[in-house]
Amino acid sequence: MDWLLPLVLGALLAVLVLGLRLALVLRASEDHQPGRKGHVSLLVVAGSGGHTTEILRLLSCLSKCYYPTHYVLAETDKMSEEKIHLYEASKDKTSAEPKYTIHRIPRSREVRQSWSSSLLTTLQSLFYSLPLMFRLKPDVILCNGPGTCIPVCFSALLLGILGIKKILIVYVESLCRVESLSLSGRILYYVADQFIVQWPVLKDKYPNAIYLGRIV
């Protein structure tokens, strides 16, 4: 059993180093300013139902410096893709800049899926999200609650921990969440660089959130 103590100490040291690195990555958002190259590459997580409608309304309010736009959605989500194509087709077609790309990953959790199986499907989604995030390396991630945003945001967080790139995570809680956060919101509240709520009740419950009133 002489090998057990060094193994435990090594594991504790690894956890400590990763914890310190994570703290530095989260703290770095205060000084991190994407867009110094003239534009901000944006990754948008779309979700089924009203999530995609809300996120597209948010995008319509952004300035033209946000490009290119990369959409990530669950591989079984057909409705969101149609909405994205319609939205992009309605934008200014005179721009010579790249328009948008759509990427699919496995759905992290289906409606009414058990928590035990959700863990496995989320890990599968994370496995697909990591290489995608490494390839795209966006400046900012914008999401508003679909379960697909969890593996995407944690993949971005991992890129920061590894020192590859600091990616800002902007989370906007869905308008329908009046008194409580969604499951995605409760998780990302602790790691998002900007966490925005649309109802004052949520600001009272989560003081680190930013209350901007109704924005969609």
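For the reader, a short list of remarks on this structure follows.
- Only residues that are surrounded by 16 or more Cβ atoms within 10 Å (Cβ to Cβ) and part of a loop (DSSP other than H, G, I, E, B) were counted in the stretch 196-216, giving 5.
- Listed conditions (1) free of Cβ contacts under 8 Å to residues at least 12 places away in the same chain; (2) closer than 25 Å to GLU75 by Cβ are all met by ASP204, apart from (2).
- Test result for VAL44, closer than 19 Å to VAL191 by Cα and modelled with pLDDT of 90 or more: yes
This table checks each residue for (1) hydrophobic (A, V, I, L, M, F, W, C); (2) closer than 12 Å to SER108 by Cβ; (3) surrounded by fewer than 23 Cβ atoms within 10 Å (Cβ to Cβ); (4) touching a helix residue (DSSP H, G or I) at 6+ places or on another chain (Cβ under 9 Å).
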position: THR121; (1), (2), (3), (4): no, yes, yes, no
position: MET133; (1), (2), (3), (4): yes, no, no, yes
position: LYS137; (1), (2), (3), (4): no, no, yes, yes
position: VAL140; (1), (2), (3), (4): yes, no, yes, no
position: THR148; (1), (2), (3), (4): no, yes, no, yes
position: PRO151; (1), (2), (3), (4): no, yes, no, yes
position: LEU158; (1), (2), (3), (4): yes, no, yes, yes
position: LEU162; (1), (2), (3), (4): yes, no, yes, yes
position: ARG186; (1), (2), (3), (4): no, no, yes, no
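- Exactly one residue among ILE150, ILE167 is touching a Gly at 6+ places or on another chain (Cβ under 9 Å) and either of a type outside the set (Asp, Glu) or within 25 Å of GLN124 (Cβ to Cβ) (or both), and that residue is ILE167.
- Output for the stretch 164-184, where each listed residue is of a type in the set (A, V, I, L, M), buried (at least 24 other Cβ atoms within 10 Å of the Cβ) and outside any loop (DSSP other than H, G, I, E, B): ILE169
- Taken as a whole, the condition of being of a type in the set (A, V, I, L, M), touching a helix residue (DSSP H, G or I) at 6+ places or on another chain (Cβ under 7 Å) and outside the structural domain of GLY38 (by TED's automatic domain parsing) does not apply to VAL178.
- When residues of the stretch 80-100 are limited to those that are modelled with pLDDT of 90 or more and touching a helix residue (DSSP H, G or I) at 6+ places or on another chain (Cβ under 8 Å), the one surrounded by the most Cβ atoms within 10 Å (Cβ to Cβ): SER80
- Condition check for SER174: within 14 Å of HIS70 (Cβ to Cβ) and either basic (Lys, Arg) or touching a Ser or Thr at 6+ places or on another chain (Cβ under 9 Å) (or both): no
- Annotation: of all residues in the stretch 69-79 being more than 12 Å from SER48 (Cα to Cα) and in contact with a helix residue (DSSP H, G or I) (Cβ under 7 Å, 6 or more places away or on another chain), the one that is surrounded by the most Cβ atoms within 10 Å (Cβ to Cβ) is TYR71.
- Taking the criterion of being modelled with pLDDT under 85, assigned to a loop (DSSP other than H, G, I, E, B) and of a type in the set (Val, Ile, Thr), the only residue of the stretch 105-155 that qualifies is VAL111.
The values are calculated or read from the model by the stated rules, or taken from the named source; none is laboratory data. Keep in mind that this is a model prediction, so the values were computed, not measured. With ideal geometry, Cβ positions are generated from the backbone for all residues, glycine too; neighbour counts draw on all protein chains shown.
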